[in-house]
1. In segment B:315-411, carbon and sulfur make up what percent of the accessible area (probe 1.4 Å)?
2. By how many degrees, between 0 and 90 and to the nearest 10, does the Cα long axis of helix B:119-146 differ from the longest principal axis of chain B?
3. For segment B:365-522, list log₁₀ I(q)/I(0) at each q in 0.10, 0.11 Å⁻¹, using the Debye formula over Cα point scatterers of equal strength and ignoring solvent, two decimals each.
4. Taking amide H positions as placed in the peptide plane 1.01 Å from N, state which residues far from B:SER224 in sequence (5 or more) or on other chains have amide H under 5 Å from it.
5. Taking segment A:98-165 as the region of interest, what is the percent of Cα-Cα pairs per 5 angstrom bin, listed from the shortest bin to the one with the maximum distance?
6. Measure nothing but the geometry: give the 0 to 90° angle between the long axis through the Cα atoms of A:3-15 and the longest principal axis through the Cα atoms of chain A, rounded to 10°.
7. For a quick check of understanding: with a 1.4 angstrom probe and all protein chains in place, what accessible area in square angstrom does B:LYS347 have, to the nearest ten?
8. Nearest 100 Å² is fine: how much accessible area is buried between B and A, summed over both sides, with a 1.4 Å probe?
Amino acid sequence: MTVEARKIEAARSRLEPEAMARRDFLGLTAWWSAAVALLFGFLGAMRLPKAAVLPSPSRKFKVALPPSLAAGQAYVPTGRSVALYKEGSQVYAISTICTHLGCVVKATDSGFDCPCHGSKFGRDGSVLKGPAPKGLPWREVKHLGGDNFLVDEGKTVATGTTVSV
Amino acid sequence: MNGVAGKQPTGGATALGRFMENLQAVPRRFAETMFRTGKPQSDRTRSTFVFGNVFLHLHPVRIHRWSLRWSTTWGLGIAAVSCFFVLVVTGVLLMFYYKPYPDVAYLSIKDIHFVVPTGRFIRNIHRWSGNLMVVVVLLHMARVFYTAAYRSPREFNWVMGMGLLVTTLGLSFTGYLLPWDQLAYWAITIGANIAQSPREVTDALGITEWFDVGGLQKLILLGSEEVGEEALIRFYLFHVMILPLILIALMTVHFWRIRKDGGLARPADADSRLGPPAAGVYPVFTEAPQKTYSLAAIVKGRTPAVGSGPEQTVPSMPHLMFGEAAVFMLTIVLSVVFAILIDAPLKEVANPAVPENPAKAPWYFLGLQELVSHSAFMGGIGIPMIVLIGLGLIPYLDREIAGTGVWFGGPGGRPLVVRSTVFGLAAVLAVEAFVIRFGWIRQWWPGVPQMVITLLNPGTVLTVFYAAYSVWSLKKYDSTRAGALALFTCFICGFVVLTVIGTYFRGPNWDFYWWPSQWPGH
């Protein structure tokens, strides 16, 4: 083949590329369908570890505030991560789970202190110091009559929301 | 008939005679058939000893003398595998008694500690070997980096090494929860919330509603919203099954690649640096080479026997095997000595209502915890990702040749490493001192948006300092390797200093204390 002929041949093969051989096409299709089937099978199997029902206990609970609870003093029901306050006739609840990394904060006279990484929160749960990205959320409280209240740890309400006794 | 007849029976007169003869020969024949190729006494049988054995044949048949020098590797890779062997054996033993269920788990660890014969000893060895493995893996990485052994054709094996590092840390972390004591419970609570910390960013951007990576990660890890029975069984599964399998798979590739990439890295002039072999080293090729070299001819890549000639190689059996056995024994000795001297800790049973104060992760995560104490996302996910990606890219960015296989090789060399150490220490100490003395943005302006702190916190400031210094070194020496030397050295300094501060100088509420004796309430 001369140089000229080779050039012509090269130009033609660019203009009219040879069709992929049927055998190659079927082979590639088989490989890709196998890969896609395995991928989707794997993804489907990975659905299993993502639990549909969470074994967490109920977040709603009834609580009776002790009559002796002083104004501005925190009352933390046993086993719950929420602090209840009674100021005059107003009652409200603030979460005691640190918004940084989930440690349990301790209610103090000035607000809340986190033992893990030194976050400090004000009386209303706002961040004063440390790594916490947001303030402590307030939780929903309903008055059931007398000293009894229904608290929902799963429901956040706007900061400053109280319930009248 | 004295039982030492040759391979063929001498043909006793009777069938019974031949039978007795064979019976007498059973022990000797058994040993012969087990080892197939006889004692490793000649070049040939030394070779077949290695490549004829399924467990040994990942080794080369002959090995370069450079690879055998202690100062080439300090045996760190073999030490890491040795730790893994010890951990598998002691771990399986512990599984005889351990029950992965809350509170029961704690009691079973107590049983192992106080009742089970040798239980405390085995648990201690498991714990110390695990710690040793983390140290050794980190040192091994430093060795490979400082001898520039990650360069072509070993780039991918360095990436495999990163995978092994992450898996090793994952194994340590998952093992930390299993005792179900206060230490475990709160360390894992913090760890799980670090997995959730992308929320810090998605919250700030207001997109958590429909894009909650953090929440998903925590849910998959714990199988629940808090650390409970679901989390314990998951961590157990990861610790005893999933992560060990991943580790074994990665190790297999890692070792295989060492062979296929031409053994350990060595300088181009290794032969002249070594000089002639000492007297007493087994002579080289007293017989014609056999199978190995026909194999070597069809294997792609640079094997020690191709291109450079076999002059400086010695048989792996005994030289390499003895070295490996020595490192293995030393690893066991270290684990056992620590196990005898210091008991693995076991605090009171986990109490979800009362956090430990201070709640500390395992020591190798305390550097991260120090960063996390400013921004959960940056310290726990952002900066570790930057470090891992940066480390993984090193072999693809540094494609120079000078200094391969030599400690602190490459432009800048030892003086650059010394200067980088000084800078690295100074920078991290200055940032930490400033933070401890003056606090950080939130303390000055509590209303500042979270994104500002996520982007501008002591961890990111330190990262920027180190990166800037690295670029400066790269320019000064006109070499990527110099930049890498500077950055890696700074990274080591930062890691060590932050870990030491997190371990020894942080007390209740993560406040700074010079001595633990100053902690309040102790």
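The values are calculated or read from the model by the stated rules, or taken from the named source; none is laboratory data. Quantities reported herein were computed from a predicted structural model and do not represent experimental measurements. Neighbour counts are summed over all protein chains in view; Cβ atoms, including those assigned to glycine, are modelled from backbone coordinates with ideal geometry. Just the protein is used for accessible areas: all its heavy atoms, side chains included, with ligands, DNA and RNA removed. Shrake-Rupley method; radii C 1.70, N 1.55, O 1.52, S 1.80 Å.
1. Percent of accessible area from carbon and sulfur atoms in segment B:315-411: 78.
2. Compared with the principal axis, the helix lies near 90 degrees.
3. -0.42, -0.50
4. So B:SER224 has HN proximity to no qualifying residue.
5. Pairs per bin, as whole percents: 4, 18, 23, 21, 17, 10, 5, 2.
6. 40 degrees
7. For B:LYS347, the solvent-accessible surface is approximately 80 Å².
8. That pair of chains buries around 2400 Å² in total.
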